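Single-structure report; data block below.
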Amino acid sequence: MAESKVQVLIVGAGLSGLCAAREIHHAGLSYVVLEAMDRVGGKTLSLPAKEDGAVVVDMGAAWINDTSQSEIYRLAKEFGFDLVRQRTGGLNLHRDAHGQLHKIPYGKIANLEPEQLAQIEQVLGAIAEYAEQCNTEDPSQGPDAIAIDAMNVQEFIDGKFGNEASFLAPYITRHLLGVEPHEVSALFLLDIFKRGTGLQNVLSDFKDGGQYLRNRQGNQAFCTRLAEQLKPGSVKVSAAVESISQSPTEGCIVKAGDGSTYQAQKVIVSVPAGLQHTIKFDPDLPSARKQLGQGSAFGYYSKTVLVYEEPWWHAADLSGEYSADTGPISFARDTCVPEDGQYSITCFHAGDGGREWSRLSAEERKRTVLEDFDAAFSNVVPHVPQPVNIVEKDWLKDPWALGGPGPVLKPGILTSDAGRCLCEPFGNVYFVGTETAPVWRGYMDGAVRSGIRGGNEVIAAMKDR
C-alpha cells in the first residue's frame, strides 16, 4: 500500500485522541487518526439497554460534574446532551466478609457505631490532608513524598492509622481504581485525590463530586460526535499501529496492522504507557518511559447491567447501591434514566474478586451475579424480579484495554524519572491520555484536557519549525 503523508498522525480514537485531533483540525493542519478497536470511544462504550436499542447504558466511563470538570461539561453542553443526576436517596446494602447484610444510610461507608464512625471520619480527614499536601507539579517534592510513594495503600493506611482503619484501603482502591490496595502506590492515590479537587469530591455523588451526573445519550456519544466534526475519512478504525520510526529527514513513519503506512511530521499517542509496548518504536523508547510502562498496572473493573421493567427498589426505599467485601459484585449503583423508561442497576466487578469472576464462563458469570444480587436484595424486598435484559462488558478480555478504569502506578514510580516523563515528548512523538492530565486524572475530564494540551503542544511545535 502506498505511503500517505499527513502533518500529524494521532494514535487512538478515544476522548484524548479525538480532542487532540479536533485541535489539529481547527489549526488547519492535515491529519489522520488510527484506532486499533473497531469503533471510536476507547474506555467509553454505550450499549443498548434492551433489544430495541432505543436507550443505552454505559459500560465504561459513566459520570461527570458541571463545576470542576469544566472541559467535559463544556462538550456536553456543546453537543446538547441531557444530563441526569445520580440518585442519592434511600438505604444502601452492604454484605460484610462474614456474610452479614447491613442497611446503611446513603453516603455512609460502613455500619459502624457512632464512636467508630467518628474515628473513621477523622481518618478520612487526615488522608484528605495528606492529599492536599501533594505537589502535582512535581510529585517527588511534596512532604515525605518519596517515603509515601515507596508504600502501597494498605501499608500507608495500616501504618498511619492502625488496624481500625484497615478496611478502608480495599474499599477505596477497588471502588476507585479497580485494584487491590497492595497493587498501587499510596502517593499515586493521594495524587488522584488532589487532582480531583480533594478526597471528598472524588468519592462524592453530590454537586462537585466525581459521580454527580450521567449522560442520557451515553458517554460514547462524546466520541462519535467529536469524530463527526473531523474531516470525513480521517478516522480509521481496526487500524492498530504496529510501529513508529523517527528519522531526521523523514519525520515519523507509522505502520498499521491494516497494511497502511503514513509519513507524519508529528505523532500524538493516546495509548497508556502500560500498552505502549505493543508498538515498536525506532529508535527505542527512553529507559524512563519503558520503566513507566513496566511500573503501570491496569485495574480490573468491569460491569454487568441488570435492566428491569420498573425500578422496584425505589418502592422499598433502597438506593440501589450495594457493596460486598467478597463475591462477584464489588459494588452496584442505580443507573436509571426515568425519562426514557430505562430502569437499571449496574454491578461493578473490581479487583481480585472481579478477576476471579472474569475467569468463569459466560453462563457462570451471569448466574453468580444474579445469585449474589438476589441474595442481598431479597433480604429487604419480598420478591426480586428477574431482569428483562443483562448487558455485560469484561474489559480484561479487550486486548486494547486489558482492564480499567485506567492505569495505576506501582510503589516507587511516581517520584522517579519514570513518573516525571508522563507528559514528556520523545522526539516528534507526543503523549496524551487521562493519566497525563493535570486535574481529574483518570476521568473523562482529564482525558479531554490531555488531548487539548497535546494538540496545542504539537501546533506550537509546528509553528516553531
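So residue 51 fits all but one of (1) among the acidic types (Asp, Glu); (2) surrounded by fewer than 20 Cβ atoms within 10 Å (Cβ to Cβ); (3) at pLDDT 95 or above; what number is the exception?
Tallying (1) among the acidic types (Asp, Glu); (2) surrounded by fewer than 20 Cβ atoms within 10 Å (Cβ to Cβ); (3) at pLDDT 95 or above, residue 51 fails exactly one: (3).
Run down 432, 458, 448, 439 and say which single residue is surrounded by 24 or more Cβ atoms within 10 Å (Cβ to Cβ), closer than 30 Å to residue 150 by Cβ and either at pLDDT 95 or above or among the acidic types (Asp, Glu) (or both).
Selected residue: 432, the only one of 432, 458, 448, 439 that is surrounded by 24 or more Cβ atoms within 10 Å (Cβ to Cβ), closer than 30 Å to residue 150 by Cβ and either at pLDDT 95 or above or among the acidic types (Asp, Glu) (or both).
Can you tell me which residues in segment 58-111 are without any contact (Cβ under 8 Å) to a residue 12 or more places away in the chain and assigned to a strand (DSSP E or B)?
Matches in segment 58-111: 102 only.
Out of the residues in segment 128-160 that are in a helix (DSSP H, G or I), out of contact with any Lys or Arg (no Cβ under 9 Å at 6 or more places or on another chain) and of a type in the set (Asp, Glu), which is surrounded by the most Cβ atoms within 10 Å (Cβ to Cβ)?
Restricting to residues being in a helix (DSSP H, G or I), out of contact with any Lys or Arg (no Cβ under 9 Å at 6 or more places or on another chain) and of a type in the set (Asp, Glu), the top hit is 149.
With (1) under 30 Å from residue 137 (Cβ atoms); (2) in contact with a Pro (Cβ under 8 Å, 6 or more places away or on another chain) as the list, and residue 418 as the residue in question, which single condition is left unmet?
If we test residue 418 against (1) under 30 Å from residue 137 (Cβ atoms); (2) in contact with a Pro (Cβ under 8 Å, 6 or more places away or on another chain), just (2) comes out false.
Out of (1) among the hydrophobic types (A, V, I, L, M, F, W, C); (2) in the same structural domain as residue 18 (by TED's automatic domain parsing); (3) not in a loop (DSSP other than H, G, I, E, B), the odd one out for residue 271 is which?
Single failed check for residue 271: (3).
Residue by residue through segment 339-378, note down the ones that are surrounded by 14 or more Cβ atoms within 10 Å (Cβ to Cβ), more than 11 Å from residue 328 (Cα to Cα) and among the hydroxyl-bearing types (Ser, Thr, Tyr).
343, 344, 346
Identify, from the list 381, 391, the residue that is surrounded by fewer than 22 Cβ atoms within 10 Å (Cβ to Cβ), in contact with a Leu (Cβ under 7 Å, 6 or more places away or on another chain) and in the same structural domain as residue 328 (by TED's automatic domain parsing).
One residue alone meets the criteria, 391.
Being at negative phi and part of a strand (DSSP E or B) narrows it down to one residue among 276, 291, 263; which is it?
Exactly one of 276, 291, 263 is at negative phi and part of a strand (DSSP E or B), namely 263.
Among what's in segment 146-177 and is out of contact with any helix residue (DSSP H, G or I) (no Cβ under 6 Å at 6 or more places or on another chain) and of a type in the set (Gly, Ala, Ser), pick the residue that is nearest to residue 43 (Cα to Cα).
150
For segment 1-46, name all the residues that are at pLDDT 95 or above and of a type in the set (D, E, K, R).
Within segment 1-46, 5, 22, 23, 35, 38, 39, 43 meet the criteria.
Among the residues of segment 298-319, which ones are surrounded by fewer than 18 Cβ atoms within 10 Å (Cβ to Cβ) and of a type in the set (A, V, I, L, M, F, W, C)?
If the condition is that a residue be surrounded by fewer than 18 Cβ atoms within 10 Å (Cβ to Cβ) and of a type in the set (A, V, I, L, M, F, W, C), then 312, 315, 316 are the ones that fit.
For residues that are more than 15 Å from the chain's Cα centre (by Cα) and either in a helix (DSSP H, G or I) or among the β-branched types (Val, Ile, Thr) (or both), tally how many sit in segment 162-183.
Residues that pass the stated criteria total 10.
Within segment 198-249, track down each residue that is of a type in the set (Lys, Arg) and under 30 Å from residue 132 (Cβ atoms).
207, 214
Considering each of 457, 363 in turn, give the residue that is under 27 Å from residue 253 (Cα atoms), among the acidic types (Asp, Glu) and more than 22 Å from the chain's Cα centre (by Cα).
457
Out of curiosity, is residue 412 in a loop (DSSP other than H, G, I, E, B), surrounded by fewer than 19 Cβ atoms within 10 Å (Cβ to Cβ) and among the small types (Gly, Ala, Ser)?
Here the answer is yes, as residue 412 does meet what is asked.
Cβ-Cβ distance below 9 Å, separation of 6 or more or different chains: which pairs start in segment 169-185 with a residue that is at positive phi and end on one that is of a type outside the set (Gly, Ala, Ser)?
What qualifies is 178/298; 178/300; 178/301; 178/348; 178/349; 178/395; 178/405; 178/408.
Going by the conditions given, is residue 322 buried (at least 20 other Cβ atoms within 10 Å of the Cβ) and more than 18 Å from the chain's Cα centre (by Cα)?
Yes.
What single numbered condition from (1) in a loop (DSSP other than H, G, I, E, B); (2) over 17 Å from residue 84 (Cβ atoms) fails to hold for residue 188?
(1)
The values are calculated or read from the model by the stated rules, or taken from the named source; none is laboratory data. In this text the structure is predicted, and so the values were computed from the model without any measurement. Glycine gets a Cβ as well: all are built from the backbone with ideal geometry, and neighbour counts include every protein chain shown.
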